[in-house]
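Structure first, then comments.
The values are calculated or read from the model by the stated rules, or taken from the named source; none is laboratory data. As the structure is a computational prediction, the values presented were derived from the model and not from experiment. Counting neighbours? That spans all protein chains shown, and the Cβs are built from the backbone with ideal geometry, glycine included. These area figures cover heavy atoms from the full protein model, side chains too; ligands, DNA and RNA do not enter into them. Shrake-Rupley method; radii C 1.70, N 1.55, O 1.52, S 1.80 Å.
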Amino acid sequence: MEGTATAGFIVAQLEATPAAPAAEDATPPADAAHGELAGVVIEEHATEDHGGTFPPFDSTYFASQFLWLAISFVVLYLLMSRVIIPRIGGILEDRRDRIARDLDQAGRLKQQSEEANAAYAKALSDARANAFRIAAEARDKAKAEAAARQAEIEKNLDGKLAAAEERIAEIKAKALADVGAIAADAADAVVERLVGLKASPSELSDAVTAARSGGAGNA
Amino acid sequence: MELPDPIHQFEIKEIISLNLGSTNISFTNSALFMVLAVLFGCGFLLLASSRRKLVPGRWQSSAELVYEFVANTLRSSAGSEGMRFFPLVFSLFLFILMVNLFGMVPYFFTVTSHLIVTAALSVLVIGLVIVYGLYRNGLGFFSLFVPHGVPGVILPFVVFIEVLSFVSRPISLSIRLFANILAGHITLKVFAGFVVVLGSLGWYGWIAAVLPLILTVALTALEVLVAVLQAYVFAILTSLYLNDAIHPGH
């Protein structure tokens, strides 16, 4: 109970405190409009330990505040425009330039690497084509050589075959020629045995020839 | 126990008292934090970029990030021609950002919690828009107030609204930043004050203080976000207004 009562008292006191200067606030703007005469009145008030005016509207220090504001702000402005802004602006500018330059270089390097890549791919495909060509050439050459050798061997074999056939024909002819003589001998022996006469060789050969041609004619 | 005064944090104290005639031009806590913000902001960017590495380290990377962030904001709003105002927009962004973030440190003074500062920056922006707009486009700059394709009958009305919206720009630009920071810091102070006051009441106070403590932590995170966001909002609005000066025809 006691606590709430105290709090109530404080609130009441609080409301009173800001209200007091607020009530007096109404005068200073009007004072400022009135000029010097009002200024003197306010100065009298101000000397009484702020009892009179709300400090922000106390014109006693308007000139002082204005002067020191002007001095400090001009110093600030000069430092800003002469030193600070060029410096920080320069830093940012440098960085922008540097980044642009680096990006530029990166782009250039990328292009270079792409070119190198393209060149490599081209070299690779060239080499592959070359390899195919060489392989094809080698194959063709080997094929041609094989064909040539085959032809040579065939030719050789043909020659041998022809020689062999020739010899066979020769032997055959010789054998055929011998057949007459053998027949005459046989006929001679047959005649001598049967008849007991000795036939002349010319008669024998004529007879053999006639028989053979007759035989041949019959065949 | 008294609740801490949430307005006290906005008081200006003289560090070195200076007078020019009858005008007080003292070096105050406000001036100190303006100077600190400039030193810190420039020191960070200069040190982070001092090695000029091609591959940035953590610090250089964050400096480049801020640079590119503001540059992209300006370029997307005002085109490449708007980039001539890059030093100004970057300076505004960095100054407001540093001053707001310094304000989040306990016991530090928040420069942007004073309307004169935000108003001066807004007037600088709008003044530049008008001067450059007239220099570049001549009287064509005033075509800014005459949208295309509006029927003649309602044109005066539309022009009136356009002029009004242009005139309200420096006001909204300055009030937005000022009010966000002021309100945020007051709220933060009030909730943090609750924790202290409740904590002094004994064990039941400690229990009651948990809620404002959680809120204070959450609000601190929110205020850091607001500090960054308002710097960004100021920079992007500056870019959009400069775009009007460069391309007044809608």
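Observations on the model:
- Couplings for the stretch B:68-75, taken from phi via the Karplus curve 6.51 cos²θ - 1.76 cosθ + 1.60 with θ = phi - 60°, read 5, 4, 5, 4, 5, 4, 5, 5 Hz in order; Gly and Pro are left as x.
- Dipole of the protein assembly as shown computed with +1 at Lys/Arg Cβ and -1 at Asp/Glu Cβ about the Cα centre; of B:PHE142, B:LEU65, B:VAL129, farthest Cα towards the positive end is B:LEU65.
- B:HIS148 - accessible surface, heavy atoms, 1.4 Å probe, Å² rounded to 10: 140
- The long axis of helix B:203-246 is offset from the longest Cα principal axis of chain B by roughly 20 degrees.
- Contact order normalised by residue count of chain B, Cα under 8 Å, 6+ apart, percent: 28
- HN-Hα J in Hz across the stretch A:175-185 - Karplus 6.51, -1.76, 1.60, θ = phi - 60°, x for Gly and Pro: 4, 4, 5, 5, 3, x, 4, 5, 4, 4, 4
- For the stretch B:111-127, 3J(HN,Hα) per residue [Karplus equation, 6.51 cos²θ - 1.76 cosθ + 1.60, θ = phi - 60°, Hz, x = Gly/Pro]: 4, 6, 7, 10, 4, 4, 5, 5, 5, 4, 5, 5, 5, 4, 5, 5, x
- Once both labels are positioned 7 Å from their Cα atoms along Cα-to-Cβ, the gap between A:SER213 and A:ALA169 label points is 2.5 nm.
- Positive-end ranking of A:GLY196, A:GLY180, B:ALA221 along the dipole of the protein assembly as shown, with charges on Cβ about the Cα centre, is headed by A:GLY196.
- Both chains summed, the buried accessible area for B and A stands near 4700 Å², from protein heavy atoms and a 1.4 Å probe.
- Ranking of B:PHE142, B:PHE10 by solvent-accessible surface, largest first: B:PHE142, B:PHE10 (1.4 Å probe, protein heavy atoms only, all chains present).
- With R₀ set to 56 Å, the beta-carbon distance separating B:LEU128 from A:ALA119 gives a calculated FRET efficiency near 0.35.
- Taken along the Cα-to-beta-carbon direction at a fixed 7 Å, the label points for A:ALA136 and A:VAL74 span 9.2 nm.
- The separation of the stretch A:113-159 from the stretch B:163-235, counted between C-alpha centres, amounts to 95 Å.
- Amide hydrogen proximity for B:ILE15: with H placed 1.01 Å from N in the peptide plane, the residues at 5 or more positions away or on another chain lying under 5 Å are B:PHE27, B:THR28, B:ASN29.
- Ordering B:TYR232, B:SER174, B:VAL111 by Cα displacement along the dipole of chain B toward the positive end leaves B:TYR232 in first place; charges were set at the Cβ atoms of Lys, Arg (+1) and Asp, Glu (-1).
- B:THR118 accessible area, assembled protein chains, probe 1.4 Å, Å²: 0
- Point-charge dipole on Cβ atoms (K/R +1, D/E -1) for the stretch B:8-246, about Cα centre, debye to 20: 460
- Charge sum, other residues only, whose C-beta stays under 15 Å from A:VAL195's C-beta, Lys/Arg counted +1 and Asp/Glu -1: -1
- Between A:ALA148 and A:LYS110, the FRET efficiency from the beta-carbon distance, with R0 = 60 Å, is close to 0.60.
- Given +1 at the Cβ of Lys and Arg, -1 at the Cβ of Asp and Glu and no other charges, the dipole of the protein assembly as shown around its Cα centre is 1700 debye to the nearest 20.
- When nucleic acids and ligands are ignored and a 1.4 Å probe is applied, B:LEU128 ends up with an accessible area of around 50 Å².
- FRET efficiency for the pair B:SER17 and B:LEU139, taken as 1/(1 + (r/R0)^6) with r the Cβ-Cβ distance and R0 = 60 Å, rounds to 0.80.
- For the stretch B:8-246: rounded, prolate or oblate by the Cα gyration tensor [a/c cutoff 1.5]: prolate
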